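Working notes, structure below.
The values are calculated or read from the model by the stated rules, or taken from the named source; none is laboratory data. If you're wondering where the values come from, they're calculated on a predicted model, not measured in any experiment. With ideal geometry, Cβ positions are generated from the backbone for all residues, glycine too; neighbour counts draw on all protein chains shown.
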Amino acid sequence: MKVLITGGSGQVAGQLLPGLVGRYDVRGCDLVDGDLSDAHTAAKLVDGADAVVHLAAVPEPDASWADLIGPNIRAVTNVLAAAGRAKVVLASSIHVMGLHRGRPVEPHWPPAPCCAYGATKAFAEAAARAHSHRHGNSVICLRLGATTPTPQAGQSAGAWLAPADLQQLVVCALETPVRFGIYHGVSANSAREWSTTNDIGYRPVCDAATHPDPSSSAGVWEPCQPEREL
């Protein structure tokens, strides 16, 4: 299978690629190769791929709409259009569900984004569903949590997605016959905030609780807080 990884030089791709290289014919692309918010460029980069793992995005919860529209909305619709009937694995985010307070949050609950970034990912999921319906291809949306090599200081303990679990999750998404699905991308954390219920065979094995002294580097995930009380 020829697999294109968008956002190929990013942090998530760096943790994912060891689990894909050697298993698939993998190539990556990034902004240096062209801007996916341009439809012609997206078509050129996606051409020839049997599957696309779309990681490229602005992943900042505090980003403005102006900064998000190109990379998080136009690029998604362009990649879907360019993919045609090829399989697409779309990186969404648990920010799509950030306002839910019940625990564990189930993937089938209605989207409740906590920020503009989460809202663009909710749009991406809706666009992916429509594309799969119209074209008959498999599109799998993965709501990735805090995708870091180890849990980070101050990070929600239930949101961590370990590299090994990320790799397993994406392989399951690439190989499943499921036509469309949305799944939470988190590890088997003892602090269970996000349900990993799925029908694609994903069985996470890592647990943030096994890292008692998390590092203090960047990568914190928490539901976005309002700027002020209304």
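For the range 148-161, does any single residue satisfy the condition of being without any contact (Cβ under 8 Å) to a residue 24 or more places away in the chain, of a type in the set (A, V, I, L, M) and not in a helix (DSSP H, G or I)? Checked against the condition, which is being without any contact (Cβ under 8 Å) to a residue 24 or more places away in the chain, of a type in the set (A, V, I, L, M) and not in a helix (DSSP H, G or I), the range 148-161 yields no hits at all.
Yes/no per residue for (1) under 30 Å from A188 (Cβ atoms); (2) more than 17 Å from the chain's Cα centre (by Cα):
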site: A39; (1), (2): no, yes
site: V46; (1), (2): no, yes
site: V53; (1), (2): yes, no
site: P61; (1), (2): yes, no
site: N72; (1), (2): yes, no
site: A75; (1), (2): no, no
site: A81; (1), (2): no, yes
site: S92; (1), (2): yes, no
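For T148, the requirement of being hydroxyl-bearing (S, T, Y) and modelled with pLDDT of 95 or more is not met.
Filter the range 93-119 down to residues that are small (G, A, S) and modelled with pLDDT of 95 or more and give me whichever is surrounded by the fewest Cβ atoms within 10 Å (Cβ to Cβ). My answer is A112. Selection of first residues in the range 65-92 that are crowded, with 17+ Cβ neighbours inside 10 Å and of second residues that are aromatic (F, W, Y), restricted to Cβ pairs under 7 Å at least 6 apart or on distinct chains, gives the following pairs, ordered by first then second residue: L68/Y117; I73/F123.
Mind counting the residues in the range 109-134 that are within 19 Å of W194 (Cβ to Cβ) and either of a type in the set (D, E, K, R) or in contact with a Gly (Cβ under 9 Å, 6 or more places away or on another chain) (or both)? Give the steps one after another, and end with the answer.
Narrowing the range 109-134 to residues within 19 Å of W194 (Cβ to Cβ): 109-115, 117-119, 121-122, 124-125.
Narrowing further to those that are either of a type in the set (D, E, K, R) or in contact with a Gly (Cβ under 9 Å, 6 or more places away or on another chain) (or both): 109, 111-115, 118, 121, 125.
Residues flagged as within 19 Å of W194 (Cβ to Cβ) and either of a type in the set (D, E, K, R) or in contact with a Gly (Cβ under 9 Å, 6 or more places away or on another chain) (or both) within the range 109-134 amount to 9.
Where strands (runs of 3 or more DSSP E) fall wholly inside the range 1-93, the ranges with 3 or more residues that are within 23 Å of F123 (Cβ to Cβ) and out of contact with any His (no Cβ under 8 Å at 6 or more places or on another chain) are 51-54, 87-93. Scanning the range 32-63 for residues that are loosely packed, with under 15 Cβ neighbours inside 10 Å and among the aliphatic types (A, V, I, L, M) turns up just one, V32. Has the range 172-195 got any residue that is acidic (D, E), assigned to a loop (DSSP other than H, G, I, E, B) and in contact with a strand residue (DSSP E or B) (Cβ under 9 Å, 6 or more places away or on another chain)? Looking for residues that are acidic (D, E), assigned to a loop (DSSP other than H, G, I, E, B) and in contact with a strand residue (DSSP E or B) (Cβ under 9 Å, 6 or more places away or on another chain), one finds at least one in the range 172-195, hence yes.
Only one of the listed residues (V105, V96, V139, V53) is touching a residue at least 24 places away in the same chain (Cβ under 8 Å), within 17 Å of D30 (Cα to Cα) and not basic (K, R). That residue is V53.
Tallying residues that are in a helix (DSSP H, G or I), farther than 14 Å from G185 by Cβ and in contact (Cβ under 8 Å) with a residue 24 or more places away in the chain within the range 108-123 yields 6.
Contact annotation: residue pairs with Cβ atoms under 8 Å, 6 or more positions apart or on different chains, pairing a residue in the range 1-25 that is over 23 Å from N72 (Cβ atoms) with a partner that is assigned to a loop (DSSP other than H, G, I, E, B), are M1/D50; K2/G48; K2/A49; K2/D50; Y24/M1; D25/M1.
The residues of the range 12-66 that are closer than 14 Å to L174 by Cα and either of a type in the set (F, W, Y) or at pLDDT below 95 (or both) amount to a single one, Y24.
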